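Read the structure below first, then the notes.
The values are calculated or read from the model by the stated rules, or taken from the named source; none is laboratory data. Values in this document were obtained by computation on a predicted structure and should not be read as measured data. Neighbour counts are summed over all protein chains in view; Cβ atoms, including those assigned to glycine, are modelled from backbone coordinates with ideal geometry.
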Amino acid sequence: MNSALPIGVFDSGIGGLTVLRALMQRLPHEPFIYLGDTARLPYGTKTAGTVERYALQAVAELVRRGVKAVVIACNTASAAALPALAAAHPELPVIGVIEPGAAAAAAATRTGRIAVLATEGTVRGGAYQREILQRLPEARVQAIAATLFVALAEEGWTDGEVAAAAARRYLAPLFEDPDTAPDVLVLGCTHFPPLGEVIRAAAGAPVRIVDSAVTTADALAALLAAKSLAAASTGAGGVHCLVTDGVERFARIGPVFLGRSIAAASVERIDL
């Protein structure tokens, strides 16, 4: 496989841009294709079978465009679809965000008490709980479905009283007893990092927040090196964005997640 080919990054919407941001910082010479399935989000309230079908369609489009590897920058899709994607594309390196995030959480905790904020689908599937307990069997893991955070992030409402009230509602039960409160909080959805400050404030206690984006970028770098797929250091990098709906909205809200401007003219609308 040609190392100059782009890397595909897939998410249900805009949230995966937080992962793309980390990937671009870690691998500045790599070209990327980002696909946000904005017409069908949120994935977190859908059944695992539906999410698997959507993910297969999205990755098939990325493969058609000639990617050399794929990052599933969506916790719900990582939990529901990775085995099906590996079976459908056995020669394609595919990684998700849950394993790197679980590894980071297990390494970060000092008390063994870990909380995971995620979507309903990710919590229901138990993927984070399994991955953390495989690495740290004595851990006590609580998983909270914080689905409203997805809508707030998609609207760009990442601060202010509405976001703060939602964070307090979700987090108050976790931190009301200092003897059982977690010391690590995993942001188990790629939409959640822009809400990190209101989440930290709502915790009202010292807590280490784990965002899987950086550890996923490290995992991808190691994978590319192991398979001799890393782009040359002279590569120009860059990203081409695909969405299934809402080009203008993606360009308007996306910079909150990506940390840089996105021109609407550079975003391509596609059908899956």
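Just one of the listed residues (Arg168, Arg249) is assigned to a helix (DSSP H, G or I), at pLDDT 90 or above and farther than 18 Å from Asp11 by Cα, and it is Arg168.
Taking only region 71-84 into account, find how many residues are over 13 Å from the mean Cα position of the chain (by Cα) and either surrounded by fewer than 24 Cβ atoms within 10 Å (Cβ to Cβ) or farther than 11 Å from Leu56 by Cβ (or both). Residues that pass the stated criteria total 3. Taking first residues from region 218-238 that are in contact (Cβ under 8 Å) with a residue 24 or more places away in the chain and exposed (fewer than 12 other Cβ atoms within 10 Å of the Cβ) and partners that are in a loop (DSSP other than H, G, I, E, B) and of a type in the set (Ser, Thr, Tyr), the Cβ contacts under 8 Å between residues at least 6 apart in sequence or on separate chains come to Ser228/Ser3; Ala232/Ser3. Of the residues making up region 17-63, just one is within 16 Å of the chain's Cα centre (by Cα), small (Gly, Ala, Ser) and surrounded by fewer than 24 Cβ atoms within 10 Å (Cβ to Cβ), namely Ala22.
Taking the criterion of being of a type in the set (S, T, N, Q) and surrounded by fewer than 21 Cβ atoms within 10 Å (Cβ to Cβ), the only residue of region 195-217 that qualifies is Thr215. Summed over region 87-133, the residues that are in a loop (DSSP other than H, G, I, E, B) and under 19 Å from the mean Cα position of the chain (by Cα) give a count of 4. Answer yes or no: is there a residue in region 158-178 that is in contact (Cβ under 8 Å) with a residue 40 or more places away in the chain and among the small types (Gly, Ala, Ser). No, because not a single residue in region 158-178 is in contact (Cβ under 8 Å) with a residue 40 or more places away in the chain and among the small types (Gly, Ala, Ser). Checked against the criterion of being among the small types (Gly, Ala, Ser) and either at pLDDT 95 or above or surrounded by 24 or more Cβ atoms within 10 Å (Cβ to Cβ) (or both), the candidates Gly121, Gly125 yield just one match: Gly121. Given the options Phe192, Phe257, name the one that is among the aromatic types (Phe, Trp, Tyr), surrounded by 17 or more Cβ atoms within 10 Å (Cβ to Cβ) and either in the same structural domain as Ala115 (by TED's automatic domain parsing) or without any contact (Cβ under 8 Å) to a residue 40 or more places away in the chain (or both). Step by step, each of Phe192, Phe257 is checked, and only Phe192 is among the aromatic types (Phe, Trp, Tyr), surrounded by 17 or more Cβ atoms within 10 Å (Cβ to Cβ) and either in the same structural domain as Ala115 (by TED's automatic domain parsing) or without any contact (Cβ under 8 Å) to a residue 40 or more places away in the chain (or both).
Per the conditions (1) of a type in the set (S, T, N, Q); (2) surrounded by 14 or more Cβ atoms within 10 Å (Cβ to Cβ); (3) not assigned by TED's automatic domain parsing to the domain that holds Cys74, the sole criterion not satisfied by Thr180 is (2). Pairing residues of region 78-95 that are not assigned by TED's automatic domain parsing to the domain that holds Val59 with residues that are acidic (Asp, Glu) and not in a loop (DSSP other than H, G, I, E, B), at Cβ distances under 6 Å and at least 6 apart in sequence or on separate chains, gives no pairs at all.
Being at pLDDT 95 or above, outside the structural domain of Thr38 (by TED's automatic domain parsing) and either part of a helix (DSSP H, G or I) or more than 23 Å from Phe257 (Cβ to Cβ) (or both): is that true of Ala163 here? It is true that Ala163 is at pLDDT 95 or above, outside the structural domain of Thr38 (by TED's automatic domain parsing) and either part of a helix (DSSP H, G or I) or more than 23 Å from Phe257 (Cβ to Cβ) (or both). Is it fair to say Ile95 is surrounded by 24 or more Cβ atoms within 10 Å (Cβ to Cβ) and at pLDDT 95 or above? Considered against the rule, which asks whether it is surrounded by 24 or more Cβ atoms within 10 Å (Cβ to Cβ) and at pLDDT 95 or above, Ile95 comes out as no. Would it be correct to say that Val150 is in contact with a Ser or Thr (Cβ under 7 Å, 6 or more places away or on another chain), outside any loop (DSSP other than H, G, I, E, B), buried (at least 18 other Cβ atoms within 10 Å of the Cβ) and β-branched (Val, Ile, Thr)? Yes: the conditions hold for Val150.
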